[in-house]
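Input: one structure, supplied below.
The values are calculated or read from the model by the stated rules, or taken from the named source; none is laboratory data. Predicted, not measured: the structure shown is a model, and the values here were computed from it. Note that each Cβ is placed from the backbone with ideal geometry, even for glycine, and that neighbours are counted across all protein chains shown.
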Amino acid sequence: MTALTAAAPTRPATTYRTDLVTALLSGWFTIGLLLDAWAHNNVPELETFFTPWHAVFYWGFIATAAWIGWTCRHALRSGRPDLSALPAGYTPAVFAVAGFALAGIADFSWHTAFGIEQDIDILFSPSHLALAAAMLVIITTPLRTAWAAPDQPAAPGLRRLLPAVLSVAFAGTLVLLFLQYANAFSYVTTDVVFGLSNLDEDLTAELSSAILVTNLVLVVPLLALARRWVVPPGAATILYLCAGVLSAAVTGFENVALVLGLVGAGVGIDLLAAWLRPGPERPVRVRVFAALAPLLIWTVYVVTAYVASGQPRFLGPDGTVTEMTGVVELYTGLPVVQSLLALLVALLLTAGHRPHATATAQPDGVARIT
C-alpha cells in the first residue's frame, strides 16, 4: 500500500506592477526619513514630535503598510490568517508593519519622556533602532520577491529588476543613515584634504575608518545582486544617488562636490558592469568587479576633494601656515585598501560556487539556487 502525500503549494506570486508600487511607496517612506534626518541635524531646538518631517515619514509608512495589506488581503481577511497563502517575500513585511507600528508608539513615548534627540544620539535611540529594523524589512520586500521568483532570468536587465534595485538602494540609504558617524561623504572637501595630509592623526584615523565603512555600504549591495543576477547597468547610479542625497541632506548640502563625484563614480561602475557582466555564473568577473569598483569610487573621492578645495592651508597653534598637500601613501593607499577589502568580501560571497546554477522552486515556494 503506497502512502500519498500532497506537496505543499507554492506561494502566490505578485506582479511586476505590484512590486513596483511597493518600491515606489517605500521611496516615499525613505524620503520622509531623509527629511527627518535633515531636520534633526539642521533645525536647532527641535522640541516636538509633531513636525512636517515626521508627518511625511509616518504617512509614507501608512501608505506602504496599506498597500502591503491590500496585496496580502486574501490571506489576511479570514479570522485565522493563512501565512502560507501570503505572496512570496511579503510574509516578513506583514510582521514588520506591526513591529513598526509598535516602535512608532514607543518612539512617541520615548520623546515624551526624554525629549527630542539632536546630532549623533538620534542614531542610538532604542526606539529609532526598532523603527529602522522594521523599516529595513518592509522596504526590502521587492528584493525578496524578485529573489524568490523561479522564472526570473539570470540577466533580467534594469527595467525588469527595477523594483528590486530600488529596494536595495533604499535599504543601503537606511543603513548608511544609521552609520552616519562613519559616512565618508558627510565630510566637506577641506576636511578630507586635511585628513589625507595627516596633520591631525585622530582626524586621519577617523576619515580612514569612515572610508572603510562607507566602502562596504556602497559595494556589498552590488555584490549581493551579483549572487542572484547579472548586475544590471544603472543599479550603481541609483544606489549612489540615494546615498548621495542622504549624505547631502544631513550636512545641509555643504558637501555637494563629493556627492556629485559619488554619482559620477556610480555611472562609471555601471559602465564597468556593462563590460564585465558580473553575475552568479561568472565568479571570477564578480571578483574583478569587486576589486575595480572601489578603486574608481575612492580615486574620484580623493581627486574631487583636492580639486574642489583648491589649495587649502592649515594655520597651526603656533601661527605657522602649512599647505595641505596630502601624504602620498594615504591618498594612493586608501583606494587600494578598499579594493582589497571588497575583493575579500567577493571571495567569501562566491566561495564554493558551482557552475550552471539554476533557480528552482522548492515545496515551500521559495526559490533556491541549485
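Return yes when P294 is outside any helix (DSSP H, G or I) and either assigned by TED's automatic domain parsing to the domain that holds V327 or buried (at least 19 other Cβ atoms within 10 Å of the Cβ) (or both) and no when it is not. Spell out how you get there, then give the answer.
Details: outside any helix (DSSP H, G or I): no; either assigned by TED's automatic domain parsing to the domain that holds V327 or buried (at least 19 other Cβ atoms within 10 Å of the Cβ) (or both): yes.
In short, no.
Something else about it: Can you name the number of the only condition in (1) under 21 Å from L239 (Cβ atoms); (2) at pLDDT below 90 that L143 fails?
Going through the list (1) under 21 Å from L239 (Cβ atoms); (2) at pLDDT below 90, L143 breaks only (2).
Same structure, new question: Filter region 234-256 for residues that are surrounded by fewer than 21 Cβ atoms within 10 Å (Cβ to Cβ), modelled with pLDDT under 95 and farther than 15 Å from L174 by Cβ and give the result.
Matches in region 234-256: G252, F253, E254, V256.
Next question, about the same structure. Restricting region 331-364 to residues that are surrounded by 13 or more Cβ atoms within 10 Å (Cβ to Cβ) and modelled with pLDDT under 50, which is nearest to the chain's Cα centre (by Cα)?
Result: A359.
Another question, then. Check whether at least one residue in region 114-123 is closer than 28 Å to D270 by Cα and assigned to a helix (DSSP H, G or I), and report yes or no.
Of the residues in region 114-123, the ones closer than 28 Å to D270 by Cα are none.
No: zero hits.
For region 1-93, list the helices (runs of 4 or more DSSP H) that sit wholly inside it and hold at least 1 residues that are under 27 Å from A243 (Cα atoms), at pLDDT 90 or above and of a type in the set (G, A, S); which are they? Lay out the reasoning, then the answer.
Working: elements: 16-42, 52-71, 73-76.
Once the helices (runs of 4 or more DSSP H) in region 1-93 are filtered for at least 1 residues that are under 27 Å from A243 (Cα atoms), at pLDDT 90 or above and of a type in the set (G, A, S), what remains is 16-42, 52-71.
Identify all residues within region 93-142 that are touching a residue at least 60 places away in the same chain (Cβ under 8 Å), of a type in the set (S, T, N, Q) and under 24 Å from T251 (Cβ atoms); write none if there are none.
Q118
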